[in-house]
1. Taking only the alpha-carbon positions of the chain and ignoring solvent, what does the Debye formula give for the base-10 log of I(q)/I(0) at q = 0.10 Å⁻¹?
2. Return the long-range amide H neighbours of T128 (sequence gap of 5 or more, or a different chain), with a cut-off of under 5 Å between placed amide H atoms.
3. What fraction of the DSSP beta bridges in the chain is antiparallel, stated in percent and rounded to the nearest 5?
4. Where the centroid of each part is defined by its Cα atoms, how far is region 77-98 from region 25-66 in Å?
5. I need the peptides 28-35, 130-137 ranked by packing, meaning the mean over residues of other C-beta atoms within 10 angstrom, with the highest value on top.
6. Among A36, T272, G131, whose Cα lies farthest out toward the positive end of the dipole of the chain, if unit charges sit on the beta carbon of Lys, Arg (+1) and Asp, Glu (-1)?
7. No solvent, one uniform scatterer per C-alpha: report log10 I(q)/I(0) for region 230-298 via the Debye equation at q = 0.15, 0.16 1/Å, two decimals.
8. Using the per-residue mean of other Cβ atoms lying within 10 Å as a proxy for protection, in what order, highest first, do the peptides 79-87, 51-59, 185-193 fall?
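FYI, it's all coordinate maths here, none of it is from the lab. Here the structure is a predicted model, which means the values were calculated and not measured. Here the Cβ is made from the backbone with ideal geometry for all residues, glycine too, and neighbour counts use every protein chain on show.
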Amino acid sequence: MIDWFKRMAAVSALAFLAACGGSDDDPPPGTLAQEATEAGFSALVAAADKAGLVPALSDASATLTVFAPTDAAFTSLATTLGFASAEAMVTALDGPTLAKILQYHVLPARKSAADLVAGGGSEATLYTFDGAAATLALNTTAGVKLTDEVLTEASVTTADVPASNGVIHVIDKVLVPPGVLNVVQMAQLNPAFSTLVGAVVDADLAGTLSDATAEYTVFAPTNAAFEAIASTVESLTPEQIADVLVYHVLDSQVLAADIPFGTPVATVLGQTITINAGTPPTITDSTDSPAGIVATDVRASNGVIHVIDKVLIPTL
């Protein structure tokens, strides 16, 4: 009798394996949360856990797309912002802040790489800012690249990792959403502003511009703009450099749609600038050469940044 049961068990096992296509078949994928955990995205999983997003990523009825930054990407973000490590950053940030950052990495539908290529120039995320879904700009001319609020690109390095409730695309940078980090942090995260950030730190203005209770408009010159006046900067005293910097700051938030073209606007320095309508708009300072506004409305938690291609010079 025992032998008969063994033979029946063996036959049943063979029949089951045949029905499933054999023992070498890959197991079905787990949920987004499970796949991220098994793939070793430790910083992402820790942030999602603290943000309270694991249940949403484990929901069997969901259909989502997750852009998953690597641990190296989280470490890069953390060290740029002054944290010792990705773990230290996740520990320091509160759950709601982490939730905003991570929701900016999630699309509310399953989008394969082919879907992203075919879908157009932008995708709406699960993160809501100013009453609307925050979007990511897409460049699909060579692979898939995503531009975030700080105007830097993340590349999809591994696409179409399947999950039972969506798909994961691995990216090489943490995407920075609007309205979460202050104006200094936003500038820190764009290498094109490294000269500006260094000057702000040296002038002891970083603390002021990081004030969570204030609202600022910062006209941010690029590194190339500073390079163009390198000899002039070398001739200035530290006090004059500080004056130059605060000449780029308004003490209220002025979005592109609200710019009072043609009207002199007082800066924090006390001297005025005039913003002129055009394509692109320009800014008149104390010199004969206007600055072009090359990008607008980089939204921070305490104001807005507009990118300019010339350093504004006050009367010194």
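1. Here log10 of I(q) over I(0) equals -0.65.
2. Answer set, sorted by chain and number: A134.
3. On the way: 33 of 45 bridges.
Expressed as a percentage, antiparallel bridges in the chain total about 75.
4. So the two Cα centres are separated by 20 Å.
5. Values: 28-35: 18.5, 130-137: 14.1.
Ranking the peptides 28-35, 130-137 by packing returns 28-35, 130-137.
6. Most positive-ward Cα: A36.
7. Rounded to two decimals, the profile gives -0.54, -0.61.
8. On the way: 79-87: 15.3, 51-59: 17.6, 185-193: 21.4.
Descending packing order for the listed peptides: 185-193, 51-59, 79-87.
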